[in-house]
Amino acid sequence: MLKVVLGAIIGGSIVFVYLVCPDFHLDTNLSVNIVIAIATCVATAIHYDSIRKQRRDRVWDMNKSIIIDLVHALSKVIEEIEITLDNDASQKTDIVRDLNPELYRVLDEKIDNALIVYKPLIGESLTNKLSKYKKDSCNITAQVFEEQFDIIEAYEKLLVSSKELYVSMLGLIEKLSGVNRL
């Protein structure tokens, strides 16, 4: 829209100068060459913008399935942790329900798949976030087995770490998919 308004202002100004100022004589060949040069610059800008959008769309198409699968698996884990913590808080007992190990297995497989197979495609920022999450998860598990954390504290730390990854992945999805461009 800005391009149209800018073009109308410049075009209107040139027409105004030609009509209002009869003493102002601009060589017709020069004015045609100026118009051609401006049109060439506009066409180049449009082409550059089109290539940039195509590249971004290609990156999204390549990464879409793995990122959405990761977010889905992560959301299931977050939901499971929240249900467990809510049940524990409402029961007020020392017995804590174990989390579904299948959900963690699926999430770990998807993270490993992303880090091993898709690493060149998903970019360094997502790779670093996934590696950090995996490292944090392993550290929390190790600390539980060494009895530095109780189960509830471990679940809370894992929930915080999972939600951080979830939010950053949603931001990445928004950026790559172009939802914020609409």
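The values are calculated or read from the model by the stated rules, or taken from the named source; none is laboratory data. Note that this is a predicted model, so its numbers are computed, not measured. So basically every Cβ, Gly included, is an ideal-geometry build from the backbone, and we count neighbours across all protein chains shown.
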Practice item. Tally the residues that are of a type in the set (A, V, I, L, M), under 16 Å from residue 107 (Cα atoms) and in contact with a Leu (Cβ under 8 Å, 6 or more places away or on another chain), restricting the search to the stretch 141-182. Key: 3
Check your understanding: In the stretch 151-173, how many are of a type outside the set (Val, Ile, Thr) and exposed (fewer than 13 other Cβ atoms within 10 Å of the Cβ)?
Key -> 1
Practice item. Go over the candidates 99, 126, 121, 103 one by one and state the one that is closer than 23 Å to residue 63 by Cβ, surrounded by fewer than 17 Cβ atoms within 10 Å (Cβ to Cβ), aliphatic (A, V, I, L, M) and at pLDDT below 90. Key: 121
